[in-house]
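Working notes, structure below.
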Amino acid sequence: MPEAALQSATLGLGGNIGDPVKAMAAALQSLDRRDDCRVSAVSRLYRTPPWGKTDQSFFFNACAAVETSLPPEALLDLCLSIEREMKRERIERWGPRTLDIDVLTYGDVVQEAPRLELPHPRMTDRGFVLMPLADIAPGLLVKGRTVGDWLSDADVAGIEVADNSRDWWRKF
């Protein structure tokens, strides 16, 4: 990839059925193998209580920074394709899932489009996103504040580090 064509983006990954850690690792490896996308940083792995719909198993969550030549919607399409490969079924909002990949930020892009809102509209309300994102981008500006500042106000009750290594995704 030519350096001039690269854009930085951040992704949130999670899941709570099947083997979500293995699914997230496979997703990150799949992204990193591509010519148009490179994983540049990965957070620690977190075990987090369910959010939104609370009568389900705990989740595993992580965030990743990528460098990509794909435009935002194409990056979203790639993430959705990887979810489908990992047998993701969209049955219930905030329900159980094998794998979820959200495009959180894409450079400085701010957009409200039907398919993709950037930055992710609910990321600043979610400790399970902000905690791993702060591992890799605490100074990233989102809606006028840094990720670290948003995290200081977030509910992080019950969130725990499941793997301290930033290379957990390479172990599979």
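The values are calculated or read from the model by the stated rules, or taken from the named source; none is laboratory data. None of these values were measured; they are calculated from a predicted model. Methodologically, a virtual Cβ is constructed for each residue, glycine included, from the backbone with ideal geometry; neighbour enumeration extends over all protein chains shown.
For the range 26-45, the count of residues that are surrounded by 15 or more Cβ atoms within 10 Å (Cβ to Cβ) and at pLDDT below 95 is zero. Considered as a group, the residues in the range 120-152 that are small (Gly, Ala, Ser) and either crowded, with 19+ Cβ neighbours inside 10 Å or touching a residue at least 12 places away in the same chain (Cβ under 8 Å) (or both) include one that is farthest from residue 78 (Cα to Cα), and that residue is 148. All conditions in (1) under 16 Å from the mean Cα position of the chain (by Cα); (2) at pLDDT 95 or above; (3) surrounded by 14 or more Cβ atoms within 10 Å (Cβ to Cβ) hold for residue 117, with the sole exception of (3). Filtering 154, 113, 137 for residues that are closer than 22 Å to residue 83 by Cβ and of a type outside the set (Asp, Glu) leaves a single hit, 113.
Summed over the range 131-172, residues that are among the β-branched types (Val, Ile, Thr) and farther than 19 Å from residue 66 by Cα total 3.
Take residue 2 and decide whether it is modelled with pLDDT of 90 or more and either surrounded by fewer than 16 Cβ atoms within 10 Å (Cβ to Cβ) or in contact with a Phe, Trp or Tyr (Cβ under 9 Å, 6 or more places away or on another chain) (or both). No. Only a single criterion out of (1) of a type in the set (A, V, I, L, M, F, W, C); (2) surrounded by 23 or more Cβ atoms within 10 Å (Cβ to Cβ); (3) part of a helix (DSSP H, G or I) is not satisfied by residue 21, namely (2).
Counting only residues that are hydroxyl-bearing (Ser, Thr, Tyr) and surrounded by 18 or more Cβ atoms within 10 Å (Cβ to Cβ), which one in the range 46-59 is farthest from residue 12 (Cα to Cα)? Looking at the filtered set, the residue picked out is 48.
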